[in-house]
Each structure stands twice: as C-alpha cells, then as structure tokens.
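Quick notes on the structure that follows.
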Amino acid sequence: MVHFRSRCRKEILYVCILLIIFGIGCKPSKSYPQYIKSGIGFYNEGRVEEAHREFSNAVEVAPDSALSHYLLGLSFADRGDLKEACNHLRIATDLSPDWIWARLWWALLETLSANFDVAEKQLLTVLDQSPDREDAAFILLALYSSYFRYDKAIPLFEKKLKDNPGSISYSIKLGLFYNYLGRFDDAIRVLRASTERNPNAQLPSMYLARAYSANGEFRKAIETYKITPHKQSNPRVWLELQDAYIATGQWDELLEIYDLVRKHYPDRIDMHENMGNTFLEMGDIERARESFGEIRRIRPTIAAWAIGLGRCCQIDKDRDCAIKYYRKALEISSDSERARKALIRLGAASPDDDRKINK
C-alpha cells in the first residue's frame, strides 16, 4: 500500500511537471496588463527575448488586443523576423484601423522587406488619414526611389508641395528628383520658389546653387552661393563655391576663398586638401605646398598630405623628392593605391608594389 501511494504521488508529480512545462490546461500566471507592463519594462532594459515572451503571453491572453499584437510585432522586428513582425502589425491595424503608428511601422517593415505593393498601399492609407505626416511621405519617397518609380513620386510631391508651399523638405526632395532625371529647369523652378518663401534658410539656397551648377549655369550658381544665408557656418558652401570658381576660371576670387578658409576653417582637412588640389591645377605650387603642409600639421597620420607633396615634387620635376613623399604615404597607409601607382609610374616601385597593383 505504501508502495502504491508512493507511486501515485510520483505519477501526479510527473503530470504536474508536464502541465507546467507545456502549459496543458493551465491558466496564465499573469493578467494582460501585467504582461504588457513587464514586457515594456524588459524592452526598455534591452532584454528583447524576455520582452518577446511577455508580449507573446499577452497575445495569448488577449488575442483581440491591437496593442499586444503591435508590441509583439515590434519585438519580432528586433529579433530580425520581419515576416512575423509584419503579420502581427497587420493584425494590429485590422483590429484598430485608425491607429496610424501601427500602420506606419507595418509599412516601414514591408518597405524593408521589399514588398512594394503592400507598403505603398499602407503608406497611402496613412497619408489619407493624416495628410501632414511627413514621416509617411518620406518613407513613401524612399520606397519609390528604391524602385525608380519617379512617375509616382513626382506627382505626389508636387501635390504635397502645393498643399505646403513653404515646406523646405518637400522642395529639396522634389528638386533632387528633378535633378536626378535631368529636368534642371523644373529643379530650379521648385528650389527658387523655396528660397523666395524661406529667405533666411540656408538649404534651399544651397540646393538651388547645385541645380544651377548641374545645368552648367555656374555664374548663377556663384551668385546664389554668395547670397546663401549663414554661409560662414557651413564649409560645404565654400567647397562648392570653389568648384564653381574653378569651372568659370575665376582664379582671383578663388584666392579670396583660400584666405577665408585659412581664417575660418584652419583645421578642416577637406578644405585644405581641396585648395591644395586646386592650386596644383592652377600651377601655383607654393600655395599647394602650404595647403598640404596644413594637412600634415593637423593630422600627420593620414596619407593625403604626403601624396599631395609628392605631386608638387613631380610637377617641379624633382623625382627623388616625389619618391620620398610617395614612400612616406605608403608608410602611413600601406594600401594607398595612388601612392603605389605613382611609384610605378616613376619606375621606383618594389616587386611587392607591382604584385598588389596587378592583383
């Protein structure tokens, strides 16, 4: 009898263990709000797997809750399972059709999953529900761009710009589309209107100048760069103005920019490198040396200064000097193809240099 009872107790214990492990006939240990609260807590702590488990339990307890499916979808996305993430976000939007955030996340993940038709439909639905959602518009822009659907993108953004004529972001995106398609007159039209509506904004003016340059209207580009608001604070304006001066051969104006660069951006490597290369094109070797010397002063651990000084030596027909600097460039950066090719052209390459170039 004792043996029988002991055996029964063991069998009952085994069954209880199985019920606990597999959840057979068991009631959830927490309520829906508790699962949501603890899952969000885990999520905020970066404990994605624990959060995922809690959100899964929340869906089991409350399968008709849009929030539980939304959170579970996001946790699937964090785990890299976009298919399941999209499935739960779709359920969330079915349960709560007016919930824009759920639909927007679903559309974004469908975009990342390259499901064009589904993503487009959901983004257009978001824009119908909330026409001023720029995030939805820009995701749609990215979707159309990745599929080269400019036929859809341009009418959409023309409409958005008509509804929001002062929008800088819509103007710039539309201008970029037109530039990409070679429709420079349209790009200039859109961006000029944006500069007129936003006279104190820097970006429309910069993009208008770029559109002029792309259309070969360098003098108009120069005029636009010169009146760009707050240009002193943005080195890109000066770099692009340099290029416009080079294109029109306005060397004296270029020298004025050189002085401004030294004054306002003494430690900008890209500015000094650009000026050094420009002076080489002009044949002004001394100023080129000064520019590359500034790079050496700022950051001696990059090869650009040594390559630049090597080029100066080559133009001066000083072969030994050029070889010295190109070898220095290889010491700094052993994978510098520019330095290696220069040494080969000078007949000073090692067998290892030849092998690496001909690989």
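The values are calculated or read from the model by the stated rules, or taken from the named source; none is laboratory data. Keep in mind the model is a prediction, meaning the values are calculated, not measured. Every residue, glycine among them, receives a Cβ derived from its backbone with ideal geometry; neighbour counts consider all protein chains shown.
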Test result for Ile285, within 30 Å of Pro235 (Cα to Cα), touching a Phe, Trp or Tyr at 6+ places or on another chain (Cβ under 9 Å) and surrounded by fewer than 16 Cβ atoms within 10 Å (Cβ to Cβ) | yes
Among the listed residues Ser113, Ser68, which satisfies the condition of being out of contact with any Cys (no Cβ under 6 Å at 6 or more places or on another chain), exposed (fewer than 15 other Cβ atoms within 10 Å of the Cβ) and of a type in the set (Ser, Thr, Tyr)?
-> Ser113
Please verify whether region 132-142 includes one or more residues that are over 23 Å from Tyr180 (Cβ atoms) and either in contact (Cβ under 8 Å) with a residue 12 or more places away in the chain or charged (D, E, K, R) (or both).
-> yes
Heads up, the helices (runs of 4 or more DSSP H) in region 109-210 (entirely inside) with at least 3 residues that are of a type in the set (Phe, Trp, Tyr) and not assigned by TED's automatic domain parsing to the domain that holds Asn87 are 168-180
Tell me which residues, restricted to region 55-97, are within 19 Å of Gln122 (Cβ to Cβ) and more than 30 Å from the chain's Cα centre (by Cα).
-> Ala66, Leu67, Ile91, Asp94, Leu95, Ser96, Pro97
Hey, does region 68-89 have a residue that's in contact with a helix residue (DSSP H, G or I) (Cβ under 6 Å, 6 or more places away or on another chain) and assigned to a loop (DSSP other than H, G, I, E, B)?
-> no
Here the residues within region 301-339 that are farther than 21 Å from Gly283 by Cβ and assigned to a loop (DSSP other than H, G, I, E, B) are Thr301, Ile302, Ala303, Ser333, Ser334, Asp335, Ser336
Count - residues of region 37-48 that are within 12 Å of Asp78 (Cβ to Cβ) and free of Cβ contacts under 8 Å to residues at least 12 places away in the same chain | 2
Within region 30-45, track down each residue that is modelled with pLDDT of 85 or more and part of a loop (DSSP other than H, G, I, E, B).
-> Glu45
Could you list all residues from region 285-315 that are touching a Lys or Arg at 6+ places or on another chain (Cβ under 7 Å) and either β-branched (Val, Ile, Thr) or at pLDDT below 95 (or both)?
-> Ile307
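Does Asp318 satisfy being at pLDDT below 95 and farther than 20 Å from Asp270 by Cβ?
Here the answer is no, as Asp318 does not meet what is asked.
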Report the residue count in region 126-140 for those that are buried (at least 18 other Cβ atoms within 10 Å of the Cβ) and of a type outside the set (A, V, I, L, M, F, W, C).
-> 0
Counting only residues that are outside any helix (DSSP H, G or I) and of a type outside the set (Lys, Arg), how many does region 251-268 have?
-> 3
